[in-house]
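K.L.:
Take this structure first; my questions come after.
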Amino acid sequence: MKTAIISDIHGNVDALQAVLSDIKNRGIIDIYNLGDSLYGPLFPIETYQLLVKENIRNISGNGDRILLDINTNNPTIKYCQDLMDDEQKNWIAALPFSLQTEDFYFCHGTPTSDESHLLEEMSPNGSSLKKTEEIMELINGITQNIVFCAHSHIPRVVNLPNNKIVINPGSVGLPAYADELPIYHKMESGSHHANYTIVTKREDDWVIEQISIPYNRDAAIIQSEKNGRTDWAVALQTGRI
């Protein structure tokens, strides 16, 4: 009973291909994607084509939702929109906010917001792990014992005193980024590898594996620079900003 969880691909089709190949080599069939799949100065159409080719259950992230904003001035959003047709737009529009199984709850940010962090809080000094009580309050009402979230791009496993576990698989395609909201902050994994998670049911407990996969990043770095996103190029090279 193995399940693979991926997230935050951000149009990095080579990273996604490497991760899916590793998942297949392990004989894993069940794959969930926590969103932010196509947004980025990379390869949104190729990423979409690979996602729909595979048996993957996808949810929406804030980076998916903003691709449907027709009033944007963001050049990276416009880059993706110029490549997308109705097929991709309809796929994004149909993505659910969350998914649930008997054991798992899947969301991008928190159970109520796709642009808030479930596990991290921001300060002028960077990000830190939220207090246990804050995390428990955010997942209050979730009946599943394992909650998966994404958005921060930082792999984490947090055990709570109510026996629930919150897991962030990290990012498949973008290992670091900076954001202005809610205050300026950096999220840095420190590695250029593609990240994802495997969970395995073992009797009455769960084995959690955080996986880091190397892949050829040349095309993604070149495409980032071509589209004027040197920040993405640096992140892809170093895992830092």
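K.L.:
Among Ser116, Gly61, Ile29, which residue has its Cα positioned farthest towards the positive end of the charge dipole of the chain, with +1 placed on the Cβ of Lys and Arg, -1 on the Cβ of Asp and Glu, and the dipole taken about the Cα centre?
P.N.:
Ile29
K.L.:
Could you check how many percent of all C-alpha pairs in the range 102-142 are farther apart than 16 Å?
P.N.:
40
K.L.:
How far is it, in nm, from the label point at Thr72 to the one at Asn55 when both lie 7 Å from their Cα along the line to the Cβ?
P.N.:
Between Thr72 and Asn55, the simple spin-label model gives 3.2 nm.
K.L.:
Keeping all protein chains in place, calculate the accessible area per residue for the range 1-135 (probe 1.4 angstrom), answer in Å².
P.N.:
I get 45 Å² per residue for this part.
K.L.:
A further question follows. Return the lysines within reach of Lys226: Cα separation strictly under 16 angstrom, same-chain partners fewer than 8 residues apart disregarded; answer none if there are no such residues.
P.N.:
Lys78
K.L.:
Mind pulling the per residue volume of the convex hull built on the Cα atoms of the range 1-44? Å³ is fine.
P.N.:
Looking at the range 1-44, the number lands at 52 Å³ per residue.
K.L.:
Please say if the range 59-166 is rounded, prolate or oblate, where rounded means a/c under 1.5 for a ≥ b ≥ c the square roots of the C-alpha gyration tensor eigenvalues, and otherwise the choice is prolate for a/b larger than b/c and oblate otherwise?
P.N.:
Oblate, since a/c reaches 1.5 and b/c is not below a/b.
K.L.:
Take the range 192-241, compute every pairwise Cα distance, and split them into 10 Å bins from 0; I just need the percent in each bin.
P.N.:
P(r) for the range 192-241, in whole percents per bin: 24, 35, 20, 15, 6, 0.
K.L.:
Rg and Dmax of the range 1-145 over Cα atoms: what are they, in angstrom?
P.N.:
Reported Rg and Dmax, both Å: 16.2, 45.
K.L.:
Using a 1.4 Å probe on the protein chains only, how many percent of the accessible area of the range 135-241 belongs to carbon and sulfur?
P.N.:
47
K.L.:
Right, next: Can I get the semi-axes of the range 139-240's equivalent ellipsoid? Compute them from the C-alpha gyration tensor as square roots of 5 times the eigenvalues, in angstrom, largest first.
P.N.:
Each semi-axis is √(5λ); the values are 31, 17, 9 Å.
K.L.:
A further question follows. Let me check against my output: what whole-number percent is the relative contact order of the chain, with C-alpha pairs under 8 Å and at least 6 apart?
P.N.:
Dividing the mean separation by the residue count of the chain yields 21 percent.
K.L.:
With an 8 Å Cα cut-off and a minimum separation of 6 or more residues, compute the relative contact order for the range 108-241 in percent.
P.N.:
19
K.L.:
Starting with the highest mean, order 169-180, 90-101 by the number of other Cβ atoms within 10 Å, averaged over the residues of each peptide.
P.N.:
Taking the mean over residues of other Cβ atoms within 10 Å, the ranking is 169-180, 90-101.
K.L.:
For the chain, what is the percent of antiparallel DSSP beta bridges, rounded to the nearest 5?
P.N.:
Of all bridge pairs located within the chain, approximately 70 percent are antiparallel.
K.L.:
Distance in nm between label sites at Ser123 and Glu137, each 7 Å beyond Cα in the beta-carbon direction?
P.N.:
Label at Ser123, label at Glu137, 1.7 nm between them.
The values are calculated or read from the model by the stated rules, or taken from the named source; none is laboratory data. Note that the structure is a prediction, hence the values are computed from the model and not measured. Note that each Cβ is placed from the backbone with ideal geometry, even for glycine, and that neighbours are counted across all protein chains shown. SASA here: full protein model, heavy atoms, side chains in, ligands and nucleic acids out. Shrake-Rupley method; radii C 1.70, N 1.55, O 1.52, S 1.80 Å.
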